[in-house]
């Protein structure tokens, strides 16, 4: 039960990376999710490099450079049910 709860919490937070993006595969933004990729110049996340945001409707926004230490977050889109 606790293990299942821990997996659900980690999945809900969607935090994936604390290592340089060059050393890992970039996570895919799955269908039905909004995703935010944020790159930092340092592992302490004090110097922001840039971002890439993908909204639920598929629109994309970005700024800065996409290299360094990646922090990835995702949230499930509200779908009619």
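The values are calculated or read from the model by the stated rules, or taken from the named source; none is laboratory data. Owing to the predicted nature of the structure, the values given are computational and were not obtained by experimental measurement. Virtual Cβ from ideal backbone geometry, glycine too; neighbours counted across all protein chains shown.
Overview of values
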item	result
Top-ranked residue of segment 48-66 - restricted to ones that are touching a residue at least 24 places away in the same chain (Cβ under 8 Å) and either more than 15 Å from the chain's Cα centre (by Cα) or in a strand (DSSP E or B) (or both), ranked as surrounded by the most Cβ atoms within 10 Å (Cβ to Cβ)	54
Flag if residue 73 is at pLDDT 95 or above, surrounded by 11 or more Cβ atoms within 10 Å (Cβ to Cβ) and at positive phi	no
Whichever residue in segment 5-47 is part of a strand (DSSP E or B) and more than 11 Å from residue 74 (Cα to Cα) and, among such residues, is modelled with the lowest pLDDT	20
